[in-house]
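Just dropping this structure here.
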Amino acid sequence: MDYKKFIEEQIAQIKKTVGSETAINALSGGVDSSVVTVLGHRAIGKQLKTVFVDNSLMRKDEPNKIVKTFAKMGIKVELVDARKDFLSALAGLTDPEQKRQAITDTFYSKVFGDLVKKSGAKFLLHGTILTDIEETVAGIKRQHNILAQIGIDTNQAYGYSVIEPLATLRKDGVRKVAKLLALPAEICNRIPFPGPALAARIVGEVTEEKLQTVRQATAIVEKELGKTGAFQYFAVLLNDYATGIRNNKREFGQIIVIRCIESIDARTATVTQLPWNKLNRISQRITSIKGVNRCLYDLTPKPPATVEYV
Ligand code: XMP
């Protein structure tokens, strides 16, 4: 595939579709939405408003880091604080699909819906890729960014039309486009991170306290495994407790699972054979997090497991 030509075509298409109207897009900092942001800005400049919604489910320092990275590229990103909206929508929910649904609804109907209305934008630029569409249509998983393909008329439901410049690409293609667009290496090579963010890394109810725990664990895992070149690595907080000992006292503590996988496109995956001393070090660091007294390494490939736990 000629990716240079792809870029030119997409820019021309966005320009033509939006015309003299305005468009909006939500940047998550992942490679897909980052590429869409740059394509959109090259196509229509100031007619595109880019927002970053802080849903309280992000990794450590993520919102500010992303805003700064794009500012360096001359792209203004508006940071929207919607932490309370998402936390209250997730309160009491334990079922994985209900949690995903609550995030989708809060994002599209409430937070983003309000932003679009206020902005008057007629178009939404979306970072949907081919794999998202295939998996959702096949009923494997409802990716939160799939709308039209499952019969949702966005114009009727939300008042805007959706433009999906990446709908024919898979992740490897998106990364190639990202490089050609001169996006910084930390974005081009970012490991996948799910739309429902850290809510996908907490089995059971999402609370602020649990988010804090899994956020700390995620930072440790990303730091420790960043140089392995593995496809994806992360921490998951289980909904179970186990007995342990801390300061010579029994403690009924939380359990963190480390997952590190090799894959091409996340449709299948094998487990990375991490060195024992690496695993040991991670275990020591993870169990120094307040309330966590057990650290497990997940040995399950996909299938039968999925990559995420939720
Ligand atoms: P699963 O858990 O389905 O994950 O084996 C496959 C890949 O997709 C990522 N993932 C998501 N990405 N929105 C996304 O943008 C989502 O809702 C979502 N769920 C899973 C996951 O991290 C893995 O790379």
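In the list Ala200, Ala185, which residue meets the criterion of being touching a Pro at 6+ places or on another chain (Cβ under 6 Å) and either at pLDDT 95 or above or more than 16 Å from the ligand (Cβ to nearest atom) (or both)?
After ruling out the rest, the residue left standing is Ala200.
While we're here: For region 110-146: of the residues being more than 13 Å from the ligand (Cβ to nearest atom) and closer than 24 Å to Arg201 by Cβ, which is modelled with the lowest pLDDT?
Among residues in region 110-146 that are more than 13 Å from the ligand (Cβ to nearest atom) and closer than 24 Å to Arg201 by Cβ, the one modelled with the lowest pLDDT is Phe112.
May I pose another question? Can you tell me which residue is nearest to the ligand (Cβ to nearest atom) among those in region 203-219 that are closer than 19 Å to Ser288 by Cα and among the β-branched types (Val, Ile, Thr)?
Among those residues, the one meeting the criterion is Thr218.
Is it true that Gly195 is surrounded by 16 or more Cβ atoms within 10 Å (Cβ to Cβ) and closer than 28 Å to Tyr3 by Cα?
yes
One residue is enough: does region 273-284 have a residue meeting the conditions small (Gly, Ala, Ser), surrounded by 20 or more Cβ atoms within 10 Å (Cβ to Cβ) and either in contact (Cβ under 8 Å) with a residue 60 or more places away in the chain or farther than 23 Å from Asp172 by Cβ (or both)?
No, region 273-284 has no match at all.
Out of the residues in region 232-262 that are farther than 13 Å from Tyr297 by Cα and surrounded by 15 or more Cβ atoms within 10 Å (Cβ to Cβ), state the one that is nearest to the ligand (Cβ to nearest atom).
The residue in question is Gln232.
Further question: Residues of region 239-251 being closer than 15 Å to Ile289 by Cβ and under 34 Å from the mean Cα position of the chain (by Cα), which ones?
Answer for region 239-251, where residues must be closer than 15 Å to Ile289 by Cβ and under 34 Å from the mean Cα position of the chain (by Cα): Tyr241, Ala242, Gly244, Glu251.
While we're looking at this one, here's another question. Please go through region 263-298 and pick out each residue that is part of a loop (DSSP other than H, G, I, E, B) and within 16 Å of the ligand (Cβ to nearest atom).
Correct list: Ser263, Ile264, Asp265, Ala266, Arg267, Thr268, Thr272, Asp298.
Same structure, new question: Only one of (1) farther than 22 Å from Arg294 by Cβ; (2) within 15 Å of the ligand (Cβ to nearest atom); (3) of a type in the set (Val, Ile, Thr) is not met by Thr228, so which one is it?
Of (1) farther than 22 Å from Arg294 by Cβ; (2) within 15 Å of the ligand (Cβ to nearest atom); (3) of a type in the set (Val, Ile, Thr), only one is false for Thr228: (2).
This table checks each residue for (1) more than 27 Å from Leu180 (Cβ to Cβ); (2) without any contact (Cβ under 8 Å) to a residue 24 or more places away in the chain.
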position	(1), (2)
Gln13	no, no
Asn25	no, no
Val35	no, no
Ile75	no, no
Ser88	yes, yes
Thr104	yes, no
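Could you list, in sequence order, the residues of region 1-53 that are assigned to a helix (DSSP H, G or I) and either touching a Cys at 6+ places or on another chain (Cβ under 7 Å) or within 16 Å of the ligand (Cβ to nearest atom) (or both)?
Val31, Asp32, Ser33, Ser34, Val35, Val36, Thr37
So which residues in region 90-102 are in a helix (DSSP H, G or I) and either in contact (Cβ under 8 Å) with a residue 24 or more places away in the chain or of a type in the set (S, T, N, Q) (or both), if there are any at all?
Scanning region 90-102 gives Leu90, Pro96, Glu97, Gln98, Lys99, Arg100, Gln101.
Per-residue answers, yes or no, for (1) hydroxyl-bearing (Ser, Thr, Tyr); (2) more than 26 Å from Gly139 (Cα to Cα):
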residue	(1), (2)
Ala23	no, yes
His41	no, yes
Met73	no, yes
Asp81	no, yes
Thr94	yes, no
Gln98	no, no
Ser109	yes, no
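Now for a separate question. Give just the number: which of (1) buried (at least 18 other Cβ atoms within 10 Å of the Cβ); (2) outside any loop (DSSP other than H, G, I, E, B); (3) more than 16 Å from the chain's Cα centre (by Cα) does Ile75 not satisfy?
Against the list (1) buried (at least 18 other Cβ atoms within 10 Å of the Cβ); (2) outside any loop (DSSP other than H, G, I, E, B); (3) more than 16 Å from the chain's Cα centre (by Cα), Ile75 comes up short only on (2).
Another question, if that's okay. Given the conditions (1) under 26 Å from Ile11 (Cβ atoms); (2) part of a helix (DSSP H, G or I); (3) over 17 Å from the mean Cα position of the chain (by Cα); (4) of a type outside the set (Gly, Ala, Ser), report the number of the one that Phe112 does not fulfil.
(3)
Please specify each residue of region 224-244 satisfying the condition of being under 16 Å from Ile256 (Cα atoms) and not in a strand (DSSP E or B).
Passing the criteria: Glu224, Leu225.
Continuing with the same structure: Could you please let me know if Gly92 is at positive phi and either surrounded by fewer than 18 Cβ atoms within 10 Å (Cβ to Cβ) or touching a helix residue (DSSP H, G or I) at 6+ places or on another chain (Cβ under 7 Å) (or both)?
Against the criterion (at positive phi and either surrounded by fewer than 18 Cβ atoms within 10 Å (Cβ to Cβ) or touching a helix residue (DSSP H, G or I) at 6+ places or on another chain (Cβ under 7 Å) (or both)), Gly92 qualifies.
The values are calculated or read from the model by the stated rules, or taken from the named source; none is laboratory data. Everything quoted here is computed from the prediction, not taken from an experiment. Cβ sites come from the backbone with ideal geometry, for glycine too, and all protein chains shown count toward neighbours.
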